[in-house]
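Have a look at the structure below before the remarks.
The values are calculated or read from the model by the stated rules, or taken from the named source; none is laboratory data. The structure displayed is predicted, hence computed values, not measured ones. For neighbour counting, all protein chains shown are included, and Cβ atoms are generated from backbone atoms with ideal geometry for every residue, glycine included.
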Amino acid sequence: MLKQDIRTYGVCIGVITGSITLGVYAYKRLFSRLPPGPFTIPFFGSPARKNELVYETNKRLAEKYGVIFSYWSGTQLKIFLNDYNLIKEAFVNRGDEFSQAPPENMSYFLKFHDRFITVDYNEDVRILKRGILQAFRGLFGSGKTLLEDRIRFELFHKFYNIKDDTPIDVGEFFKALSVNVTCSMYFGKRFEYDSKEMDELFKLSQNYFKWFFVELTLNFTNMPLPFFLKKIIYRKAIQKSKDAIEGMRQWVRSMMEDHDDTEDDLVSAYKKLVPEAKIEEIIDTIMFLLSDPLDVVPGVLSGLFHLVAMHPEKQQKMFEEISNSQSSFLDQSKLPYVRAFIIETLRYANFVSNSAAHRVIKETTLQGYRIPKDADIYANFYAVHMNEETMKDCFIFRPERHLEDNHNIITFGIGRKSCLGEQWVRSQMYLTLVITLQKYRLEPTPGFNKLKYQSDVFHLPEKVELLFIDRNKSD
Ligand code: HEM
């Protein structure tokens with residue numbers, strides 16, 4: 001009898017707790033003026049994602065719910081902004097409210113420092129970010145030729161071995177280029193191709209990139225579970241992530257030990273900018289700043305070269321513009337079509353389909369909706385770039401649109417948390433393209449069919465093989 005009573009009590013308590021939880025979630029979703037979004041299962045969140053890529057989910061939901069939608073991923077509320085003006089309103093005009101990052105993002109592998117880009121946004125980080133930008137400008141900004149010299153040197157160093165009929169895996173090639181461009185800028189150092197050092201860094205960075213984004217990927221998995229449960233389920237992957245990061249940290253530490261502080265590079269600039277910075281902080285920041293140039297940029301350059309090879313008439317137009325240019329091609333305004341081609345690549349390829357998460361630290365409103373404390377806000381770049389109303393024929397690759405009109409292309413984000421590498425990447429795309437087209441015509445390999453893409457968070461091509469036809473021999 002007693003046992004039965006206890007069981008009945010247990011069931012009653014379970015039903016009451018369940019109903020209260022359901023009630024709270026239903027209230028939150030239906031009556032609390034949250035942005036619209038798909039159905040939510042208490043605690044587990046919304047089964048918003050089907051078997052599709054992140055950008056496909058966001059595209060589908062934006063089409064259904066409009067300029068702003070929300071869904072729960074486990075217990076985390078995610079809000080997506082799908083319109084340029086709304087993104088500007090949040091990330092630029094009201095940057096104070098929308099420029100923090102989720103503290104749990106990447107925090108478990110990055111040691112805590114006095115200031116860390118992307119983990120916090122405070123006065124120290126603002127000064128650091130500005131200082132790093134100035135250091136970059138000092139290295140390759142207007143009038144400086146370090147980037148051009150380095151790219152020219154690396155391209156010709158490697159290109160001398162190219163034979164017309166040999167397909168080149170441009171991803172591998174640009175990886176080597178990016179390693180030397182980045183290491184020159186950060187440590188004042190380059191490595192010989194096929195050397196032991198280059199080989200070691202290739203392996204380390206491949207592993208690092210593969211595991212670096214585990215947490216970000218977990219954030220977007222189809223599995224509608226609270227984040228802490230996902231972390232338990234994926235603990236092996238997380239351990240691999242920690243190991244890969246530790247490997248890279250050791251490598252950066254060894255570079256710092258050999259570093260000559262009189263060199264004109266990022267490490268020297270950092271030390272001057274923040275003299276009180278502990279060595280571990282510099283190591284971790286430099287390490288954090290390695291992943292994009294070593295792994296994202298080669299993918300972006302491969303995507304760019306693939307589009308060039310697939311559009312022979314546009315390639316010819318760029319070549320003629322470059323050949324006819326009287327002045328230094330360092331001035332991008334002198335080559336408007338090349339510039340337009342690059343902007344269109346950034347729009348059309350959508351290498352990154354949304355911003356990083358911006359955490360709201362104080363309840364606020366946006367577009368008349370309640371934005372609760374601790375919600376994560378994302379800018380949906382894909383929705384801005386691929387909107388038929390604002391971008392006519394958006395699924396057609398047409399560089400000319402950027403000569404006719406100004407379009408909002410926000411591949412690198414906008415506002416305080418926007419990308420530190422934007423000018424660098426744009427310059428590297430531009431210089432690599434111009435220098436290559438002066439000497440080579442790019443062609444797809446015979447029988448080439450369709451590109452495959454690498455991962456969920458970044459929309460980067462897996463492998464691009466192209467033919468480089470020497471213009472001096474073929475024209
Ligand atoms: C083509 C390659 C790249 C793309 C598409 C890209 C894109 C982005 C995007 C979308 C963000 C997030 C913006 C936001 O959350 O609002 C970002 C942040 C960032 N990017 Fe890049 N990036 C690229 C290359 C680089 C490079 C080469 C660097 C090297 C310095 C870099 C450093 C950063 C940093 C430090 C942040 C975090 C800024 C912060 O949180 O304050 N990125 N990038």
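Of note:
- At least 2 residues being away from the ligand (no atom under 16 Å from the Cβ) is the threshold, and among the helices (runs of 4 or more DSSP H) wholly inside the range 375-462 those reaching it are 401-404, 422-439.
- Looking only at the range 264-310, and only at residues there that are in a helix (DSSP H, G or I), within 14 Å of the ligand (Cβ to nearest atom) and charged (D, E, K, R), the one that is farthest from ASP470 (Cα to Cα): ASP284
- For the range 148-165, the tally of residues that are exposed (fewer than 15 other Cβ atoms within 10 Å of the Cβ) and at pLDDT below 85 stands at 6.
- Which numbered condition ILE377 fails, given (1) surrounded by fewer than 19 Cβ atoms within 10 Å (Cβ to Cβ); (2) in contact with a His (Cβ under 8 Å, 6 or more places away or on another chain): (1)
- Selection count where residues are in a helix (DSSP H, G or I), more than 16 Å from the ligand (Cβ to nearest atom) and either free of Cβ contacts under 8 Å to residues at least 40 places away in the same chain or not charged (D, E, K, R) (or both), scope the range 311-366: 19
- Residue under evaluation VAL274, criteria (1) free of Cβ contacts under 8 Å to residues at least 40 places away in the same chain; (2) over 30 Å from LYS439 (Cα atoms); (3) of a type outside the set (Ser, Thr, Tyr), criterion not met: (1)
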